Amino acid sequence: MIKKLQSKQGTAHQLKSSPEYRQASFTWVISLTLSVILLLNSFDFAGGALKPWVFTAFAAYALFTIVQMIITLLIRRDLLRTGDIRRSTRLLGYIQLLSIITGNLFTVTFGFNLVKQQKPPEYTIAVYMLLTQLYVIAISALNLFKPYVSNTFLPAMFILVVVAILQLIALLLVAKFVTSHYAHPKLVWLALPIIVTAATGNIFALVLGINLLAKIRKNGNPAMTRWSDVWIKLTANSTAMAGLFFVIFLFCLSVCSVFTFDYSVAIDNNYSAILLPPSLEYPFGTDNFGRDLFSRIVFGARISLIVGFASTLIPVIIGGILGAISGYYGRQTDNIIMRLLDVLYAIPGILLAIAIIAAFGANTVNLILALSVGAIPTYARTMRANVMLVSTYEYVDAARAFGSSNFSIIFKHIVPNSLAPMIVKSTLTIGAAVISTSSLSYLGLGVEPHIPEWGNILKIGSTYLETNSYLAIYPGLAIIALVLSFNFLGDGLRDALDPKLD
Amino acid sequence: MKKSSLLLLFLSLVIVLAGCNVKTKEDAQQQNQQEPTDSSTDASAVTIELLGMSSNESDVNIIRDQLTKNGFNVKLNLQPDYGSFKAQQDAGNYDVALSSWTTVTGNPDYAVRSLFKTGGDYSIMSDEEVDKLIDEAATQTPEEAVATYKKLEDRLVTEKAYIAPLYISLKSQAFNKDVLDENSVRLSKSRSLPWEAVDFKDQSKRATQPLILSQSISELTSLDPIKGNDGSINIINTNMNVRLINLTDDDKITSEGSLSYNHAIAEGNSEYYFILRDDINFAKITDKKAVDSGERVGADDVIFSMNRAKDKNSVPDHRTYTLHEHINTVEAVTDLSVLENTKVSGGGESVKEALEKGLDTKITSLVSDKNQASTKDGKYQVIKLTTTEPFPQVLNYLAHQSAGIVSKKQVESINTYDVEKFDVNKDIPYGDQNTVTEGDKYNNTLFASGPYILSYKNDYEAIFYKNPGYMKGTEHEPKIEQVKVRFIKDADSTLSALRSGEIHLYYGVPETKYDVVKGDSKLKLQTIESNAVSYLLFNTKNRDVASSEDLRRAVLYSINQDEILAYYNNNKIKAYSTVSPIVKTGNELVADPAKVKEYLAAYKASK
């Protein structure tokens, strides 16, 4: 009896401790959900007809979902029999790689994870880097169905494809020559061009390059740096990576859209194309002024990201400095600064933002300032608490004993060691900033109404909720996805940065 | 890995192949452009500041788009409500302001007089030629006036471009046909909805259920009819005060449902006669309920009301005197022989015969005391109104809510202040909204001659009761005992309220919501061409558009009304000026980018 129970617990533990099995289960559930959504959408319930394109997409998704289920069962069997995943099962991962055609991020990343047994963080980053690039190319390529494309479209697409090929080569080389503790020294010549490709907005490329250089520098040195440790933990967390992927993908798309998308399609009225349903020419349909909703959402990402980042960075810096000073000096300094910030804290953030915008007018700069001011006190409090803790450590006393100035103690020794909670907090609040931006635009207090911003787009959509619901659904989904991504990433970062979890 | 690279190869192949026949924006533009752009002209964009309200965001966006496409740099000045819009307009912070005008009287003179004549209530311009044409058209018969109004439009729009016309709106209302009797709900071109006619489908509910309407503005300008002429009170005052005359649904003059049985125009078009009813009493509010004051609406009230309507100094903040500036004298006729000896304009019969038409008892005597008047005994009161010059359109103005009849006795007893020394903080004028708003200032002194009387209001709703002494026993007796007007600011919320059954009727459904209303089986949508015209008004002070006709004309020819109509799914009608809905002059604005370029170049050269 006890033996049976033990073996049952043992089985559960064996399955749980395999990251592949966890990811496999997660992937088939998500994949099945997506398939069902597509199936439901492929029927025109009013007309009783079948939409061939959506149904094809459903069929493709369903196919890969079935493969995914089979792989999950095989992994389960392998783990229970041998405690390890067999090579033949791993080879099935190559089938899932094909699902990149369907755009199913989850099955593709699972495929990449399965085919490689030993996964240094560089491998995972390289996979996401390549995927980001391919997604951006695919999204930009949708412009080919438009009557005309922007003037820089062809050269830009050419560069993107060249970059993607380069990144594919990088992925193959990383897979072959990088292990958990060693990177081939000649990979320096790969790392540098990869860093250059980050100019397309693909931050993964930048991270990969830096990681490679760092790894090469300390080849043979068993010590672990904080940076690489964080990446090992983060890359092992597939939800956090999905969040990071979406954020970087949007950023990359925002940068590339300058060249591959035509701004006039998003902003000029086209009275012959009013309220068209989604089609290849207009993937998300057109709004009440005949503007392409797809282009508007793509261009809207730029504003959401800029406002989201800027309105988080400003309070992080201001609040961080104020918090550090008041935490380090204590007594009167602390009292004066914190009580003043308490006054600010007492005013509801969104109300303050509305008041600032009403007083100084609605534009992007004012929007950023309005959202920033209200967030300063919370960052100051977080920073102050950390600084108070860190300043009692021995190395601070040591620095003081050596006669370092207060300034250098604060900014050289204390602040860098108090940053982790700030980073986690700011990642989590970027999502809130994105929502605030959209809310203010929705209320007519954000950017000018014709500027593509997600809140503006949603506002138009809300008046057509019954007749043309896609006008509200797509910008709504975009906002949800971005905020969710930041939250996943924030959670992942918290886990990665938390020393207690070591 | 191999498959992935194959895929990439395939993708690049697709792009390379596609690149061969992909059309870039430059290619597309070159195909559309017949003539190359003249490089010698100044290419810098002219900045135009466009002032509008957030509620007209769609129009603002269309105009911004059209101006931008024609080489302007448009700066938007969007204001959240009418108050801040007006403040910006008064401060002159605009080049063009998106304005609209509704000719509530249904006559062309009103559509131009106060807007464009030098010194008019809403006029910001001064042009001798325009003044002359407005005055000339006013004295002409409708047929003659068409040519004059065409000349006026040519001067106003084509030649000088003081305004740039956009469109005529449809007037629309939607109501719950499960609750209201379809045949009882009217939609008239100019006239406000007569509440007294509205009836429930289930007539037994008349006494127990209120009729629930909605209105977006909760601040009522004034309940004194002459002190306001805007969306907040037009419908309310129309139903609270009876008039000498009414308009039919298509803007014809009628005595139907008015204070007069009949009216007649005497030869020469300067004398107008009205024979008054004897079955309307003023209602007043006691303990928040409507009671019959016992005071009859008679000739003395009419004379008093008309005289204060035309006199600028009768009340502070008189907003409507220009509508009535053509009234010369108003008097009660007591000598029957005057009626017998005066001939009707354009006919052989006497005024007496015209006034008696359709009456059961002929006129036997005319009385000066309103309490002596008795229709069944043939004792009538007759009003004679003269105009300063022959002006048949005066009847349209008499049908406007500002010509509503108020009680001489009551108004004189309330308005005891000296008009010149009027102090807003101390003196409480008749019809002040504070006197009917719930709270410590509540002191309802209204005397209503119309079918309903306002009992009280708050920010949420206004409660009206039926006037118990209004045309009792006739078809014009109010059907429903109580009317509630809900104040709902937002159009979407109003529509939701209508669909959920919270309100019974929604006046002014936005064009974009027509489909939703049509798709709801319990709602009925009524639409009619209205007299409301939207146009761009150019600033006439301190801006380049004020001094440069070329710049104004460049803006004018940038406006493409076809695109506006396309946006509104053809639920708008083309306009050329504010008289367009009333007089068909045949003028049409055709967008012309070539002319825009030409005028812009001329403007830049002149700088």
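The values are calculated or read from the model by the stated rules, or taken from the named source; none is laboratory data. Note that the structure is predicted; figures quoted are calculated from it, not measured. Note that each Cβ is placed from the backbone with ideal geometry, even for glycine, and that neighbours are counted across all protein chains shown. Surface accessibility is based on the protein's heavy atoms, side chains included, excluding ligands, DNA and RNA. Shrake-Rupley method; radii C 1.70, N 1.55, O 1.52, S 1.80 Å.
Ordered by residue, what ³J(HN,Hα) values in Hz, to whole numbers, does the range A:74-86 give under the Karplus form 6.51 cos²θ - 1.76 cosθ + 1.60, where θ = phi - 60° and Gly and Pro are x?
After applying 6.51 cos²θ - 1.76 cosθ + 1.60, I find 4, 4, 4, 5, 4, 4, 6, 7, 10, x, 9, 8, 6 Hz.
Which value in deg cm²/dmol, rounded to the nearest 500, describes the helix-derived mean residue ellipticity at 222 nm for the protein assembly as shown, given -39,500 (n - 2.57) per DSSP H run of n ≥ 4 and division by the residue count?
That calculation yields -15500 deg cm²/dmol at 222 nm.
If you rank B:GLU511, B:GLU182 by how much accessible surface each has, with a 1.4 Å probe, what is the order from largest down?
Result, largest first: B:GLU182, B:GLU511.
Shape of the range B:408-505 from its Cα gyration tensor (a ≥ b ≥ c, root eigenvalues): rounded if a/c is under 1.5, otherwise prolate when a/b > b/c, or oblate?
Oblate is the answer for the range B:408-505, as a/c is 1.5 or above yet b/c matches or exceeds a/b.
I need the phi-derived Karplus couplings for the range A:420-433: 6.51 cos²θ - 1.76 cosθ + 1.60, θ = phi - 60°, integer Hz, Gly and Pro marked x.
3, x, 5, 5, 4, 4, 5, 4, 5, 8, 4, x, 5, 5
Could you tell me the center-to-center distance, by alpha carbons, between the range B:118-148 and the range B:191-220 in angstrom?
39
Apply the Kirkwood formula to the range B:454-607: the hydrodynamic radius equals the inverse of the mean of 1/r over all pairs of different alpha-carbon atoms; give it in Å with one decimal.
20.3
Counting other C-beta atoms within 10 Å, and keeping those with at most 15, which DSSP coil trypsin sites (Lys or Arg not before Pro) do you find in the range B:517-599?
Here the sparse-neighbourhood loop sites are B:LYS522, B:LYS541, B:LYS584.
Whenever you get a sec, line up B:HIS504, A:HIS13 from highest to lowest accessible area (probe 1.4 Å, protein heavy atoms).
A:HIS13, B:HIS504
Ranked from highest to lowest mean number of other Cβ atoms within 10 Å per residue, what is the order of the peptides B:273-280, B:415-422, B:183-190, B:249-256?
B:273-280, B:183-190, B:249-256, B:415-422
Distances over 40 Å make up what percent of all Cα-Cα pairs in the protein assembly as shown?
In whole percent, the long-distance tail amounts to 59.
Measuring from a point 7 Å past the Cα of A:ALA49 along Cα-to-C-beta, which residues in the range A:258-285 have an amide N at less than 19 Å?
A:275-285
Find the relative contact order for the range A:1-117 and round it to a whole percent, using C-alpha pairs within less than 8 Å whose residues are 6+ positions apart.
Relative contact order comes out at 27 percent.
Under a crude label model (7 Å from the Cα following the beta-carbon direction), how far is A:ASP498 from A:LYS16 in nanometres?
Each label point is offset 7 Å from its Cα along the Cβ direction, giving 1.6 nm.
Per residue of A:446-454, what is the mean number of Cβ atoms on other protein chains within 10 angstrom of that residue's Cβ?
Mean partner-chain Cβ count within 10 Å for A:446-454: 3.
Restricting to Cα pairs below 8 Å that are 6+ residues apart, what does the relative contact order work out to for the range B:295-446? Please round to a whole percent.
After rounding, I find 26 percent.
In terms of the Cα gyration tensor, with a ≥ b ≥ c the square roots of its eigenvalues, is the range A:299-372 rounded because a/c is under 1.5, prolate because a/b exceeds b/c, or oblate?
Note, shape of the range A:299-372 comes out oblate.
So, with a 1.4 angstrom probe, what is the percent of accessible area on chain A that is carbon and sulfur?
Taking all protein chains in place, chain A shows 70 percent carbon and sulfur surface.
Which three semi-axes in whole Å describe the equivalent ellipsoid of chain B, each the square root of 5 times a Cα gyration tensor eigenvalue, listed largest first?
Gyration-tensor ellipsoid for chain B: 50, 30, 23 Å.
Report, in whole Å, the centroid distance computed from the Cα atoms of the range B:494-548 and the range B:360-429.
34
Spin-label point model (7 Å from Cα, Cβ direction): what's the A:LEU484 to A:LEU443 distance in nm?
Here the modelled spin labels are 2.6 nm apart.
How much length is gained on full extension from A:LEU39 to A:THR225, taking 0.36 nm per residue of separation minus their Cα-Cα distance?
Full extension of this stretch gives 62.2 nm more.
Compare B:SER44, A:SER372 by solvent-accessible area with a 1.4 Å probe and give them largest first, with all protein chains kept in place.
In descending accessible area the options line up as B:SER44, A:SER372.
For B:GLU340 and B:LYS376, what is the calculated FRET efficiency with R₀ set at 30 Å and r taken between the beta-carbons, to the nearest 0.05?
E(calc), rounded to 0.05, equals 0.85.
Taking the alpha-carbon set of the range B:223-285, what are its Rg and Dmax in Å?
That works out to 13.7, 44 Å for Rg and Dmax.
How much accessible area per residue does the range B:238-280 have, counting only protein heavy atoms and a probe of 1.4 Å, in square angstrom?
Computed with neighbouring chains in place, this is 28 Å² per residue.
Across peptide A:153-161, how many C-beta atoms of other chains are within 10 Å of each residue C-beta, on average?
For peptide A:153-161, the averaged partner shielding equals 4.
Is the shape of chain A best called rounded, prolate or oblate, per the rule: a/c under 1.5 gives rounded, else a/b larger than b/c gives prolate, else oblate, with a ≥ b ≥ c the square roots of the Cα gyration tensor eigenvalues?
oblate
What translational diffusion coefficient, to the nearest whole µm²/s, does the range A:120-261 have by Stokes-Einstein, given a Kirkwood radius computed over alpha-carbon pairs, a temperature of 25 °C and 0.890 mPa s viscosity?
Taking Rh from Cα pairs, D becomes 157 µm²/s.
Give me the summed buried accessible area for the B-A pair, 1.4 Å probe, to the nearest 100 Å².
Looking at B and A, the buried total is near 3400 Å².
In the range B:479-524, which residues give up 30 Å² or more of accessible area once the other protein chains are added, compared with their chain alone (1.4 Å probe)?
Those residues are B:ARG499, B:THR512, B:LYS513, B:VAL516.
DSSP beta bridges in the protein assembly as shown, what fraction antiparallel, as a percent rounded to 5?
In the protein assembly as shown, approximately 80 percent of DSSP beta bridges are antiparallel ones.
Which value, in Å² and to the nearest 10, is the accessible area of A:HIS181 when all protein chains are kept and the probe is 1.4 Å?
Probe radius 1.4 Å; accessible area of A:HIS181 about 140 Å².
Taking the full set of protein chains and a 1.4 angstrom probe, give the accessible area of B:GLU129 in square angstrom, rounded to the nearest 10.
70
Normalised by the number of residues in chain B, what is the relative contact order in percent for Cα pairs under 8 Å and 6+ residues apart?
It rounds to 23 percent for chain B.
FRET efficiency for B:ASN307 and B:GLU420, Cβ-Cβ distance as r, R0 = 25 Å, nearest 0.05?
So, using R0 = 25 Å, E works out to roughly 0.90.
Please compute the per residue accessible area over chain A with all protein chains in place, 1.4 Å probe, rounded to a whole number of Å².
46
Please work out the C-alpha center-to-center distance from the range A:327-351 to the range B:549-607 and express it in whole Å.
Answer, in whole Å: 58.
Give a quick list of chymotrypsin sites (Phe, Trp or Tyr not before Pro) in the range B:452-512 that DSSP marks as loop, anything other than H, G, I, E or B, with at most 16 other Cβ atoms within 10 Å.
In loop regions of the range B:452-512 (DSSP not H, G, I, E or B), the sparsely surrounded chymotrypsin sites (Phe, Trp or Tyr not before Pro) are B:TYR460.
What figure, in Å² to the nearest 10, do you get for the accessible area of A:ILE101 with a 1.4 Å probe and non-protein molecules left out?
Accessible area of A:ILE101: about 120 Å².
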